[in-house]
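Participant: Take a look at the following structure, please.
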Ligand SMILES: [Zn+2]
């Protein structure tokens with residue numbers, strides 16, 4: 001009779017996650033880095049080394065494409081993956097832009113790459129908007145077909161000339177977004193980061209390991225950074241002010257953990273699209289709900305990969321194309337769970353892989369895509 005109160009007392013000081021179990025390990029538990037259990041599950045496996053249809057990587061970050069050896073190396077990797085076109089979203093302006101456009105043309109690969117320009121958003125003050133818009137016009141004349149990727153610093157850390165934080169919906173930039181609308185080019189913008197990066201780094205944070213590895217991804221200090229919701233509100237006001245501009249939200253606007261919220265956004269703003277780079281961990285853990293979402297919003301979603309690691313693209317093909325179950329993801333610190341295939345129908349795959357990009361980006365090379 002005496003043991004029961006003792007156990008109850010011991011349990012009362014345990015964290016909730018252990019207290020709900022009725023046994024404690026008799027060996028020292030491994031850390032979350034050490035514990036890598038082998039899966040014993042045997043199920044059909046259908047790896048997909050090549051995309052089923054030629055794909056456009058809307059969120060391409062290949063190295064700078066200004067020498068023939070680099071260009072040939074990237075094209076060889078693209079051919080293996082059935083990547084038809086990469087959008088160079090490491091945006092560049094002026095001579096850095098024209099040098100790459102010319103190098104790709106000289107290498108005979110003008111049909112495999114398109115280039116976005118970048119905006120200088122530092123030290124914005126009165127008159128900056130007109131100056132940025134003029135540079136934009138010049139870069140588009142030189143061959144740029146979009147703006148971006150506008151990095152997460154925009155909104156998070158970029159300062160104005162007067163020292164205050166440059167908010168996404170700053171009226172000084174209105175002329176820039178209106179110029180993009182008039183030129184008919186998409187604006188590709190990365191706002192904030194996963195919402196958990198803005199939350200306290202405690203043992204309930206879903207991204208604990210990633211935040212432990214990368215101190216520069218911790219944005220929970222409200223004295224230094226705006227909150228996730230503040231950034232989303234600024235972004236949404238920017239979108240609302242410019243309904244004629246074609247917006248593409250990098251990483252699906254960081255709403256893949258709450259696709260209904262992203263659906264609301266798509267419903268409110270018909271000019272807004274999402275790009276799937278680096279959020280595969282979320283899509284692959286909700287394959288049925290994500291599939292329904294992709295079917296419903298099939299005209300609004302674009303394939304993009306973000307970092308250029310050729311061996312990582314097949315994970316995307318496998319999640320999108322198969323109904324495989326419980327398979328590994330490529331990046332342990334993004335997610336501690338496994339992925340499942342969404343089994344997207346062919347007509348949805350075609351739109352996500354290339355047709356939406358061909359529609360949104362002006363002067364896209366059409367060769368290499370099904371008619
Ligand atoms: Zn990027």
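Participant: Within 10 Å of each residue's Cβ, count the other Cβ atoms and sort 305, 241, 160 from fewest upward.
Facilitator: 241, 160, 305
Participant: Taking the Cβ of each residue in 42, 295, 352 as the centre, tally the other Cβ atoms inside 10 Å and list the residues starting with the fewest.
Facilitator: 42, 295, 352
Participant: What percent do you get for the relative contact order of segment 48-360 when only Cα pairs under 8 Å and 6+ apart count? Please list the in-between numbers first.
Facilitator: Details: 581 pairs, mean separation 57.6, N = 313.
Relative contact order here is 18 percent.
Participant: May I pose another question? Using a 10 Å cut-off around each Cβ, can you sort 185, 147, 32, 132 from fewest to most neighbouring Cβ atoms? Show your work: numbers first, answer last.
Facilitator: On the way: 185 25, 147 29, 32 13, 132 20.
Fewest-to-most ranking of 185, 147, 32, 132: 32, 132, 185, 147.
Participant: Something else: Rounded, prolate or oblate: pick one for segment 27-142, where a ≥ b ≥ c are the square roots of the eigenvalues of its C-alpha gyration tensor, a/c under 1.5 means rounded, and failing that, prolate if a/b is larger than b/c, else oblate.
Facilitator: The shape class here is oblate.
Participant: With each run of n ≥ 4 DSSP H residues scored as -39500 (n - 2.57), what mean residue ellipticity at 222 nm is computed for the chain after dividing by its residue count and rounding to the nearest 500 deg cm²/dmol?
Facilitator: After summing the helix terms and dividing by residue count, I get -10000 deg cm²/dmol.
Participant: A further question follows. For Cα pairs less than 8 Å apart in space and 6+ apart in sequence, what is the mean separation divided by the residue count of segment 241-309, i.e. the relative contact order in percent?
Facilitator: Value for segment 241-309: 35 percent.
Participant: If packing is taken as the average count of other Cβ atoms within 10 Å, what order do 360-370, 246-256 fall into, highest mean first? Write down the numbers at each step before the final one.
Facilitator: Details: 360-370: 14.9, 246-256: 24.8.
Answer by packing, highest mean first, reads 246-256, 360-370.
Participant: Assuming a ≥ b ≥ c are the square roots of the Cα gyration tensor eigenvalues, decide whether segment 200-311 counts as rounded (a/c under 1.5), prolate (otherwise, with a/b larger than b/c) or oblate.
Facilitator: Oblate.
Participant: Here is a follow-up. Please work out whether segment 104-244 counts as rounded, prolate or oblate from its C-alpha gyration tensor, where a ≥ b ≥ c are the square roots of the eigenvalues and a/c under 1.5 means rounded, while otherwise a/b larger than b/c means prolate and anything else oblate?
Facilitator: Since a/c reaches 1.5 but b/c is at least a/b, the shape of segment 104-244 is classed as oblate.
Values quoted throughout were computed directly from the atomic coordinates according to the rules given, and no laboratory measurement underlies them. Since the model is a prediction, treat every value here as computed from it, not as a measurement. As a convention, Cβ positions derive from the backbone with ideal geometry for all residues, glycine included, and neighbour counts pool all protein chains shown.
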